[in-house]
Every structure is written in structure tokens, then in C-alpha cells.
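The values are calculated or read from the model by the stated rules, or taken from the named source; none is laboratory data. Source: prediction; values computed, not measured. No Cβ is skipped: glycine too gets one built from the backbone with ideal geometry, and neighbour counts run over all protein chains shown.
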Amino acid sequence: MPTEETGTADTWNAEEAQVAVDDGGNVHAMWMGIDNMPYYSYSLDEGDSWSKAMMIAPPINLIGTGFPVVTAGASGRVALGYVGDTGNDTWNGYMTLITDAFAIHPLMTTVQINQQGDPLDIEPDCGYNRCGGLGDFLDMSVDKYGRPWFGLSHNINDIGIFATISHGPALRGMIDGLSEIPIGGPGTL
């Protein structure tokens with residue numbers, strides 16, 4: 001998992017490697033590297049060997065990330081969640097979906113789960129340390145339809161939130177099998 005190339009975060013996140021097993025018995029892992037960016041790797045042989053680590057943050061110039069969570073569905077379909085700082089200690093939530101993890105160049109789709117201007121926290125270094133509900137209350141799962149769900153804290157509003165995709169690929173069943181659901185937002189919290 002953490003490799004010589006990625007290292008391990010020099011923050012509280014150093015102990016936060018996460019793993020999930022997909023329906024095919026493959027192991028998927030996520031951790032924060034020494035650069036405070038999220039990394040992902042998989043094993044096809046129960047953890048005896050691992051794929052080359054892939055940095056999964058979107059190309060939006062995140063300053064750092066923290067609190068990794070991962071869940072898996074059908075073989076090679078994975079969802080990864082984390083928080084990231086876009087600058088000035090503005091911590092947002094992100095979910096990355098990978099539906100072809102074992103491809104030479106897997107497709108990664110990342111969405112920000114909170115609206116612009118509505119950060120999850122603005123405390124300095126929040127994603128690197130335990131702050132508010134972040135650090136204790138993060139998890140992911142896949143429902144029976146193949147839709148990923150990311151549960152975490154919205155510290156500024158002092159509430160727990162759940163995030164998913166309104167439409168997109170399914171992590172189980174037919175890849176295009178998700179029916180569209182209404183977009184949520186602050187009114188649905």
C-alpha cells in the first residue's frame with residue numbers, strides 16, 4: 001500500500017489507510033501520501049501484491065486532503081471519499097468513482113459533494129487533524145442498486161450528511177443501471 005513513491009502523510013492521517021473488498025474478492029486500498037494527496041491501489045491476490053499507486057485527486061489544485069474512506073461493488077468498481085482543502089482552509093468533500101479499476105488507464109470521475117461556498121469546515125488544518133465530526137464520522141457503502149453513499153459531518157452546520165450521485169454509473173449490476181434521483185442540497189439535510 002503506501003509505497004516509497006507515495007510515502008505516508010505526516011499528519012494524523014498517517015494511520016488512516018482504508019480497505020474494501022469487491023464482489024470478486026479483490027482488495028482496494030486508499031491512503032494519504034506524504035504530499036497529503038489521496039492514493040489508491042488494488043490487489044488481485046488477497047493482498048500478496050499490489051498495483052502501482054494512483055493519485056486520485058481531481059486536477060483542481062487541492063492543497064491537501066484527509067480522512068480516506070473506500071467502498072467497493074462489483075469486481076473493479078470502487079468509490080473513494082475524502083475531504084480536500086481548496087485554499088484558505090476551505091475543506092470540501094469529494095467522491096471519486098472508478099468503474100474499471102483494473103484497466104491500464106482507469107476512468108476516474110470525481111464530484112464535490114457540497115456546494116461551492118458551503119464548505120464542510122474552515123478550521124485550519126481540519127483535514128489533517130480531527131476536527132468537529134471529521135475524523136470520527138466518515139464511512140461509505142453501496143446500496144442494493146449499486147449507488148455509492150458517503151456519510152460524513154458538515155461541521156459548520158453541526159449535522160451529519162449523506163452524499164451520493166444523482167445519476168451516473170452503478171457499482172453493481174448494469175453499469176448504466178442507476179435511475180436518476182432528484183438533486184439534493186441544504187433543503188434535504
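Filtering region 118-146 to residues that are in contact (Cβ under 8 Å) with a residue 40 or more places away in the chain, in contact with a strand residue (DSSP E or B) (Cβ under 7 Å, 6 or more places away or on another chain) and not aliphatic (A, V, I, L, M) leaves C126, G127, Y128, G135, D139, S141. I'm told G132 meets every condition in (1) under 16 Å from the mean Cα position of the chain (by Cα); (2) within 21 Å of E16 (Cα to Cα) except one. Can you identify the failing condition by its number? For G132, the failing item is (1).
Residues that are in contact with a Ser or Thr (Cβ under 6 Å, 6 or more places away or on another chain), surrounded by 22 or more Cβ atoms within 10 Å (Cβ to Cβ), at pLDDT 95 or above and aliphatic (A, V, I, L, M): does region 87-101 have at least one? So far as region 87-101 goes, no, none of its residues is in contact with a Ser or Thr (Cβ under 6 Å, 6 or more places away or on another chain), surrounded by 22 or more Cβ atoms within 10 Å (Cβ to Cβ), at pLDDT 95 or above and aliphatic (A, V, I, L, M). Would you check which residues across region 126-178 are small (G, A, S), assigned to a strand (DSSP E or B) and closer than 14 Å to I113 by Cβ and list them? Answer for region 126-178, where residues must be small (G, A, S), assigned to a strand (DSSP E or B) and closer than 14 Å to I113 by Cβ: G151, S153, G160, A163.
Take region 24-50 and flag every residue that is part of a loop (DSSP other than H, G, I, E, B), touching a residue at least 12 places away in the same chain (Cβ under 8 Å) and farther than 22 Å from G93 by Cβ. Before the answer, list the steps.
Of the residues in region 24-50, the ones part of a loop (DSSP other than H, G, I, E, B) are 24-26, 33-37, 44-50.
Next cut, touching a residue at least 12 places away in the same chain (Cβ under 8 Å) only: 24-26, 33-37, 44, 46-47, 50.
G24, G25, N26, I34, L44, E46, G47, W50 - these are the residues of region 24-50 that are part of a loop (DSSP other than H, G, I, E, B), touching a residue at least 12 places away in the same chain (Cβ under 8 Å) and farther than 22 Å from G93 by Cβ.
Identify all residues within region 64-86 that are over 17 Å from A163 (Cβ atoms) and modelled with pLDDT under 95; write none if there are none. Across region 64-86, the qualifying residue is only G64.
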